[in-house]
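J.: The structure follows.
The values are calculated or read from the model by the stated rules, or taken from the named source; none is laboratory data. These numbers were taken from a predicted model, which means no experiment stands behind them. Positions of Cβ are backbone-derived with ideal geometry, glycine not excepted, and every protein chain shown enters the neighbour counts.
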Amino acid sequence: MSRMLAILGAAAIVCAVSPASAIVRGKPVHALALYGEAKYGANQVPDYVNSNAPKGGRLRLAGLSTFDTFNPFSIKGTPGAGLTYLAGNGLFYEGLTTQGSNEPFTQYCLLCETMELAEDNSWIEYTLRAEAKFHDGKPVTPEDVIFSFETLLSKGQPTYRLYWGDVAKAEKTGPRKVRFTFKTKENAELPLILGQLPVISKAFWEKRGIEGSTLDIPNSTGPYKIASFEPGRYLVYRRDPNYWGKDLAVAKGTHNFDEIRFDYYRDDQVAFEAFKAYQYDHITENTALRWATSYDQKVIDAGLMMKEEFRDQLPDNAQGFVMNLRRAKFQDVRVRQALALAFDFDSLNKIVAYGQYEPMASYFQGSELAATGVPQGEELAILSKYKGKLPDELFTKPFQPPRTTGTGNPRDNFLKARDLLAAAGWEVKNGVATNKAGEPFTFEFTIWQPGIERWVGPYLQNLERLGVKGTLRMIDTTQAINRLNEYDFDMIIGIPAQSISPGNEQREFWGSAAADRPGGRNWGGIKNPIIDEIVEALIVAKTRESLVAHTRALDRVLLWNWYAVPELSAGQIRQAYWNKFGHPPIVPLQGPDISTWWLDAAKAAKVDAARGAGK
């Protein structure tokens with residue numbers, strides 16, 4: 001939902017950008033593009049929205065498990081659906097800027113009227129819009145922006161400290177101006193990601209503190225207000241008719257529903273049954289078996305429900321089994337590769353998924369960022385500095401995830417895995433892989449998504465043939481959040497979704513500094529100085545071509561270290577919805593965005609009549 005509301009691409013793209021950064025410096029502008037120029041003018045409505053979309057009606061969506069806070073900025077509590085997310089704007093919270101959906105990485109002014117970047121990239125200054133207001137009618141001030149930055153950085157999620165760690169200070173420079181000074185002039189992405197700062201009310205949060213959870217409705221700026229709620233049952237947003245930004249070009253054709261309601265369900269399967277029973281309107285389907293077999297074709301043929309597959313140009317949704325390197329048993333790369341060899345993608349894809357997936361062969365699969373073939377050009381030059389510290393095969397062989405004949409008996413892979421485990425000191429005794437200390441190789445695979453066990457169960461059975469005992473444990477979403485924050489797991493499914501313009505967030509995904517910080521995204525606990533160096537070089541890349549080369553180098557090092565068991569890759573977004581809506585014909589680069597949809601009154605009446613009559 002995070003991507004749909006914006007956290008899946010299949011088509012590789014070559015961005016039409018200039019060879020060097022074209023960020024405008026030294027004068028106020030309405031937008032900043034990392035490479036090339038902004039696609040849309042200050043008063044130009046993007047072509048991927050319908051600026052004449054009708055307003056009105058209700059959109060019903062599903063939330064899973066529960067929620068207990070309206071504070072999404074702390075690691076404490078489970079925030080309500082739709083509030084916000086790190087790199088964009090939700091229904092309720094907003095940032096200084098908003099991301100262009102049809103460009104690799106361009107930020108357009110939202111709460112700010114203009115932004116000015118120093119000639120030497122040492123600071124950026126935002127001029128706030130005079131009309132930007134909180135829901136209580138009070139203006140958004142530089143004091144609110146500075147408070148937001150300093151509070152989130154010092155007391156918010158650990159992600160913020162890595163994301164904006166290169167900012168030295170924030171200061172007020174005028175009645176509506178705030179300037180951020182940087183620690184380095186080399187971080188080209190920093191001026192853009194700083195605009196993603198969620199601006200929160202100093203008056204509201206100063207009294208309560210950002211560290212804890214709260215069900216007091218915050219004072220915010222977004223297009224929707226929280227109208228009613230019951231924790232664990234429902235959360236209702238109502239469109240603010242006095243929303244300060246409703247006439248902005250970047251807001252035209254968006255936020256079209258008068259009401260958006262999230263009803264909460266115990267788990268994904270229960271939610272799916274509720275969708276089929278017309279209890280809510282839209283679902284993003286992440287289960288191939290369900291997509292192929294579980295929808296009522298008669299309802300679809302009658303035109304009451306739509307099933308659509310969308311494609312964007314982002315990296316695919318790669319999925320893998322992440323091993324927690326904080327556990328000693330996973331620290332040997334030979335062990336990790338052996339565990340990967342036990343996964344039989346080809347058999348499971350055929351049996352469980354009707355052949356709908358591709359094997360995961362890259363963390364950036366389906367885009368120009370993916371490492372393919374053998375290293376060449378600038379990528380080879382980057383990796384050559386680490387020869388002797390990287391596997392020799394990395395330079396001579398394309399990475400390939402383990403493949404099989406699909407017959408369900410991957411004997412050759414088992415033999416390779418057995419030899420790797422033996423070389424790493426795990427000897428099979430009486431059918432049990434045992435180390436020199438006499439300890440058996442056991443681990444727990446933690447999941448919180450029903451349906452995933454169809455993939456994990458057969459994998460664990462394969463491991464038993466190698467003497468490795470894995471047990472499956474299902475937990476709820478709240479437990480999952482807590483255990484992820486504390487890294488309390490052995491193995492999970494957890495590959496982070498990637499953008500077409502990777503940058504500072506890669507520190508959080510793979511960096512050593514993030515490995516032991518509670519609440520981070522480096523779930524595997526990777527501490528690799530080579531990766532740290534490549535990520536830092538990626539962040540300061542001067543051209544798109546250099547960014548691509550560094551990303552491919554990063555991808556290759558991640559793959560050849562077998563930090564995850566490659567599972568699968570999904571190159572399309574599967575969405576089903578009751579046929580009550582209109583949406584723009586253009587799918588932007590960043591993917592379909594339900595905030596640009598609208599209610600079609602005639603279609604809705606037809607569906608309501610049919611469902612009400614029990615047809």
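J.: If you go through region 95-103 one residue at a time, do you hit one that is within 30 Å of Gln479 (Cβ to Cβ), of a type in the set (A, V, I, L, M) and under 22 Å from the mean Cα position of the chain (by Cα)? Steps first, please.
T.: First pass over region 95-103, keeping only residues within 30 Å of Gln479 (Cβ to Cβ): none.
No, every residue in region 95-103 fails to be within 30 Å of Gln479 (Cβ to Cβ), of a type in the set (A, V, I, L, M) and under 22 Å from the mean Cα position of the chain (by Cα).
J.: Scan region 250-309 residue by residue and report those that are crowded, with 17+ Cβ neighbours inside 10 Å, of a type in the set (D, E, K, R) and closer than 21 Å to Ile573 by Cβ.
T.: Asp268, Asp281, Glu285, Arg290
J.: If I go through region 593-615 residue by residue, how many of them are part of a loop (DSSP other than H, G, I, E, B) and either at pLDDT below 85 or over 17 Å from Ile260 (Cβ atoms) (or both)?
T.: Within region 593-615, the subset part of a loop (DSSP other than H, G, I, E, B) is 593, 597, 600, 613-615.
Cutting the leftovers down to either at pLDDT below 85 or over 17 Å from Ile260 (Cβ atoms) (or both) gives us 613-615.
Count: 3.
J.: Further, regarding this structure: How many residues are surrounded by fewer than 20 Cβ atoms within 10 Å (Cβ to Cβ), more than 15 Å from the chain's Cα centre (by Cα) and not hydroxyl-bearing (Ser, Thr, Tyr) when one looks only at region 488-518?
T.: So the count comes out to 7.
J.: Let me ask you something else. Please go through region 536-564 and pick out each residue that is surrounded by 24 or more Cβ atoms within 10 Å (Cβ to Cβ), in contact with a Gly (Cβ under 6 Å, 6 or more places away or on another chain), of a type outside the set (Gly, Ala, Ser) and more than 19 Å from Phe395 (Cα to Cα).
T.: Listed by number, the list is empty, since nothing qualifies.
J.: Hey, which of the strands (runs of 3 or more DSSP E) in region 30-142, taking only ones fully inside, have at least 2 residues that are hydroxyl-bearing (Ser, Thr, Tyr) and crowded, with 22+ Cβ neighbours inside 10 Å? Step through it out loud before you land on a result.
T.: Details: elements: 31-33, 58-64, 97-99, 106-109, 112-117, 123-128.
Result: 97-99, 106-109.
J.: Which of the residues spanning region 33-53 are over 16 Å from Ala249 (Cα atoms) and either over 26 Å from the mean Cα position of the chain (by Cα) or not hydroxyl-bearing (Ser, Thr, Tyr) (or both)?
T.: In the first step, residues of region 33-53 are kept if they are over 16 Å from Ala249 (Cα atoms); the result is 33-37.
Residues satisfying the conditions are Ala33, Leu34, Gly36, Glu37.
J.: Grab the helices (runs of 4 or more DSSP H) fully contained in region 203-311, keeping just those with 2 or more residues being farther than 23 Å from Gly63 by Cα and modelled with pLDDT of 95 or more.
T.: On the way: elements: 268-276, 288-293, 297-301.
Because the criterion is at least 2 residues that are farther than 23 Å from Gly63 by Cα and modelled with pLDDT of 95 or more, the helices (runs of 4 or more DSSP H) in region 203-311 that meet it are 297-301.
J.: Does at least one position in region 399-417 carry a residue that is within 30 Å of Ala480 (Cα to Cα), surrounded by 15 or more Cβ atoms within 10 Å (Cβ to Cβ) and not aliphatic (A, V, I, L, M)?
T.: Yes.
J.: Read through the list (1) within 15 Å of Val199 (Cα to Cα); (2) acidic (Asp, Glu); (3) in contact with a Gly (Cβ under 8 Å, 6 or more places away or on another chain), then give the number of the only condition that Glu116 fails.
T.: (1)
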